[in-house]
1. List the pairs whose first member sits in segment 14-32 and is of a type in the set (A, V, I, L, M), whose second member is surrounded by 10 or more Cβ atoms within 10 Å (Cβ to Cβ), and whose Cβ atoms are under 6 Å apart, counting only residues at least 6 apart or on separate chains?
2. Residue check: is E48 among the acidic types (D, E) and open to solvent by 80 Å² or more (accessible area, probe 1.4 Å)?
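The values are calculated or read from the model by the stated rules, or taken from the named source; none is laboratory data. What you are looking at is a predicted structure, and each value in this text was computed from that prediction instead of being measured. Cβ placement follows ideal geometry from the backbone for every residue including glycine, while neighbour counts extend to all protein chains displayed. Protein only, heavy atoms only, side chains kept; ligands, DNA and RNA dropped before computing areas. Shrake-Rupley method; radii C 1.70, N 1.55, O 1.52, S 1.80 Å.
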Amino acid sequence: MSNVTNELILEHLKAIQGKLSTMADDLTDLKTDVRGLKTHMAGFMQSEVAQDSALASIRLRLERIERRLDISDT
């Protein structure tokens, strides 16, 4: 026959509750970190789009200059 007392059950439940609390704190920290990463990636993507736009503008200007000087490779 099992010799399980209410005190033993309560002790285990408190240990489980403590671990769940720690896990909840860890999950909150992870969510905060993921939000920070998402914000960083969004900024990076905006910067990349701006650079792509600037590069496209430079290419168009270079093509126009080459056409005017009649020095295009094609």
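1. That search, which allows pairs on different chains as well, returns nothing.
2. On the way: among the acidic types (D, E): yes; open to solvent by 80 Å² or more (accessible area, probe 1.4 Å): no.
Criteria not met by E48.
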